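Each remark here refers to the structure printed beneath this line.
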Amino acid sequence: MKNTLKRRNFIKLMVSASGALIAGVHLQSCIPKKSVAETYEFSPLIQIDTDGWVSLIAKNPEIGQGIKTSLPMILAEELGANWDKVKVIQADFDTIYDEQWAGGSYAIILNWDLMRTAGAMVRQVLIEAASLKMNLPFEELTTENSNVVHIKSGDTTPFEALIAEASQMPLPEQVEFKPTDSFEIIGKNISQVGLDKLVSGGAEYAIDLKLPEMVYATAVKNPVFEGGVSSYDDTEARSVNGVIDIIELNNMEYGGRLLGPNSPNFVNGIAVIANSTWATFKAAKKLKVVWDNSNTRKENTDEIFGRFHAQLSNTSIERKDGDIARAKQSAASSFEAIYELPFLAHVTMEPMNCMVDFRADICEVWAPTQNPEALQDGLIKLFGLKPEQIKIHLPRIGGGFGRRYYVDYAMDAAVLSQKIGKPVKLTWTREEDIRHDWYRPGSVQKISASLDKDGMVTGWQHILANASRKTSLGREGGPAGTEIDEYDFPAGFVPNLQLEYGHVLSDAPLGQWRAVASSANAFSVHCFLDELAFLNKMDPIDYFLKFLGPKRMVPVVGDYEFDVERLIVVINKVRQMSNWDTSLPKGQGRGFAARKGAGSFIAEVVTVAVGESGKVEILQVDAAVDCGIVVNPSGARAQVEGGILEGLCAALYGEITFKDGAAQQSNFHDYKWMRLGEVPEMNVEFIKNELPPRGLGEPPLPPAIPALANAIYAATGKRIRKLPIV
C-alpha cells in the first residue's frame, strides 16, 4: 500500500549532539479545523540512539486507555524496530503534534495513517542508507528487529550503524506501508508501557508530583450551581496548623463561569493554602461561608424531570424521513414507551488535581487533562499569556471518561499559584469532585412505532427532551453531536422516521460523559426493540436481524453508510458465544443489544440471575467486536471490558439528584459503583479482518445498558424503563 505524502507532512532527520538519529514529522490530522502555517518547527517523534535503543514519542494523554502503548506500537511496526529495545516517552503539550487530546475514541482513528507514515519514512531512509553502505539493491533489503536485513543472505546492519548515512538522505515523497499480513508487533498482546509500576504502586500521577517550595491547596465551592460567595469567616480555619493563607475564588474577576464555548472557568468558592493536603482538607471543614444563591434556579430533580416530560410535546424536528403521520394512520398496530435516564457523574479514581508553577515569565503546568489545548486556551484567556509562556506537562491520568475534557480545576490552581507566588498543587476532595462535575444530562425519551401485520416497523418516532450540554457549555447549535443526531440508529432503516428534540433550560453543569449521547439513547432504542420482539412473540435476536434486513450498505446521511453485514457478523458471533439458544434455569435470563459506534461494531449478551428478593446478579457478559485491525489485543480487551463495566455500573446504580440547586450525592457511599465482588465473567472476541482500526473506548458501553435491562425482563418479566435499576 503506497501513501503519497503532502509536502507539509514532512519528515526531518538530524543527528543530535549525542550522535542519535532523530526524526520529526508534522502530524496534521484528517480533521480540517484550523489554518496551518506552511512551515513548522521540528518535532522529534522517533530517536535511534547509538546504543541501539529506539525512543518513540507518545503524543496523546494516557488516561488508562492504553494509547501510550498502542500508538508507539504502530510506529515501531512500520519502522521495523525491536519492541524489546523501545523506550516510550510521554510528550509534553505542543501544538505541532496536533489533535493531542483524548476523547471520543478517536486517538487510533486519527493517528493510524500518521503513525504508519512516520515509521515507514524512517524505515525507507534507513534502507536507502544501508543500500549505499552495503552496496546492495534497495529492493533486497527490509527492516526487522531494529536491523536492516538483506533478504537473500540474512546479513544484518543495526539501525545505530546507519545513523550518519541516514541523516544525509533526502526526504522521501512517497512511502510504502508494510502488508498487514506481515505485522509482527501490531496484533500481539503487549503489556501497557509502565505496567510494572502500575501494579506495584510506583506509577507517578499528577497527584504524586512534588516541586521545591511547593504549597498545597484545596477549594470549597458553592454547592448551588451558578451561586457565589456572600461572606465567610475563616478564623477557625486559619487556626489549623500548617495553614498559610485562605483566598476567595471569584470567577467574575476572571471572565465569569465560562471563559468561552466549551471552556468552563472555575466555580466560585474559598481556597485554603497550607503545607500539606491534609491540612487544607482539615481547615476547609472549619470554614464558615454564607453563600449567595439569589440568582440561581434552586432546582430539584422531580421538577426538572417534570419539565422534561412536558417538553415532549414541544420539540424541534431533527430528522424527517417519509410521513410519520401517514405511517401511524395505516399501521396494523402501534406501540410506544417512555424511558427515563438520570444525570450521571464521572467519578474518576484520581480526583481532580493540578500542579501549577506560575512564575513571572512562564506558567508551567502538570495537568491530568484530556484536553491540553483547552487548558492552554484557558490560561491565555484568564491571564493574557502568550502561548510561548505556557508549558504543559502530561502526566499519566487516573481515569477521564470525559470529565477531564474540561479544565476548571486547573484554573483553580493557576489562579492560586499566581496569587501566592509559589508552585501550588491543588487537590479537590471526592466530595467537591462529585458535587461540581460536568454531568451527563438526564433525559426523558419517548419512542413510538407503527407496525405492519407481521409486527415489523413501518414508522419510528423518537422524541428526546433534556437540558443540553451545548447550552450549559455556551456552545451554539442544536442537539446534534451531543443529544440526538440525524444519523442515530435506526435512521436509514425505517421508511417513515422522525427524530425530535425538546430543550429545557437548567443550571446543572453538563458535559461529555463516556459515549456521550449513545450512553443514554442506546438504552431507550434497544430496550424498545426488545419490547417489540416480545410483543410480536419473536426471539429478540431474530427480531433484530429481521429489522436490519439483508447484508448491504444502508445510506444514512450524506456519505455516511451503515455496513449491515459487519453488524450481523458480530450478532451471530455473540449468539454462539453466549449459548443464546439454550435454556436457562428459572430466575435467570439473557439480554441482547448490538450497535455501531466510533466506526466499530459490537454485540453484547448479558446473563443475569434475579433472586426472589429482586436482587440482580450479573453472571456473564459476552461481547463480539469488529473494530477492524486490533493493534494491541490486550489493551483492546481491557477497553471493551472497562466500557462494559462502566455501562453496567451506571445502569445499576448511577444517579445524581438535585435539591435546592445542589447535587445531593458526594462520595461512593451515596453514588455507588460496582464492587469487585459484583464484576461478572466477561468473554470478549474480536472479528479478524484487515480493515483500518476504529475506536474502542466508547462503543462497548452503550449496549451493555439495554442488554442488562433486557436480561432482567427475560428473567422476571419486569420491564426496566427507568434507570438506575437499583
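The values are calculated or read from the model by the stated rules, or taken from the named source; none is laboratory data. Keep in mind that what you see is a predicted model, and the values were worked out from it rather than measured. As a convention, Cβ positions derive from the backbone with ideal geometry for all residues, glycine included, and neighbour counts pool all protein chains shown. Keep in mind that these areas ignore ligands, DNA and RNA; they rest on the heavy atoms of the full protein, side chains included. Shrake-Rupley method; radii C 1.70, N 1.55, O 1.52, S 1.80 Å.
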| query | What's the local net charge at ALA332, with K and R +1, D and E -1, over the other residues with C-beta under 12 Å away? | reply | 0
| note | Computed on Cα atoms, the radius of gyration and Dmax of region 505-594 in angstrom are 16.5, 49
| task | Give the Rg (one decimal place) followed by the Dmax (whole number) of region 304-358, computed from C-alpha coordinates and expressed in Å. | result | 21.5, 69
| Measuring from centroid to centroid over Cα atoms, what is the spacing of region 164-236 and region 262-300 in Å? | 27
| field | For the chain, size of Cβ-based charge dipole, Lys and Arg +1, Asp and Glu -1, in debye | value | 1040
| remark: Of all DSSP beta bridges with both partners in region 449-505, the antiparallel percent, nearest 5, is 25
| request: Send over the Kirkwood Rh of the chain, from the inverse of the averaged 1/r over different Cα pairs, rounded to one decimal Å. | output: 27.6
| query | If you take all C-alpha pairs in region 656-726, what percent of them are over 16 Å apart? | reply | 71
| query | To the nearest Å, what is the center-to-center distance of region 622-657 and region 324-372, using C-alpha atoms only? | reply | 16
| field | Distance in nm between pseudo-label sites at LYS419 and LYS659 (7 Å out along the Cβ direction from Cα) | value | 3.1
| Within-13-Å neighbourhood charge of ASP51 [Cβ basis; K, R +1; D, E -1] | 0
| note | Quick calc of log₁₀ I(q)/I(0), region 189-229, Debye, one scatterer on every Cα, no solvent, q values 0.17, 0.26, 0.27 1/Å, result -0.72, -0.93, -0.96
| Which whole-number percent is the relative contact order of the chain (Cα, under 8 Å, 6+ apart)? | 14
| said: I need the shape label for region 569-726. Rule: rounded when a/c is under 1.5, else prolate if a/b > b/c, else oblate, with a, b, c from the alpha carbon gyration tensor. | reply: oblate
| query | Ranked highest first by average number of other Cβ atoms within 10 Å, how do 638-644, 88-94 line up? | reply | 638-644, 88-94
| task | Give the Rg (one decimal place) followed by the Dmax (whole number) of region 48-101, computed from C-alpha coordinates and expressed in Å. | result | 11.6, 32
| How far apart, in nm, are the 7 Å Cα→Cβ label points at ASN189 and ARG719? | 4.3
| field | DSSP beta bridges in the chain [antiparallel fraction, %, rounded to 5] | value | 80
| remark: Rounded to the nearest 500, the 222 nm mean residue ellipticity computed for the chain from DSSP H runs (n ≥ 4, each -39500 (n - 2.57)) alone is -8000 deg cm²/dmol
| With every protein chain kept in the model, how would you rank ASP408, ASP539 by accessible area, 1.4 Å probe, largest at the top? | ASP539, ASP408
| request: Can you tell me the order of 507-519, 650-662 when each peptide is scored by its average per-residue count of other Cβ atoms within 10 angstrom, highest first? | output: 507-519, 650-662
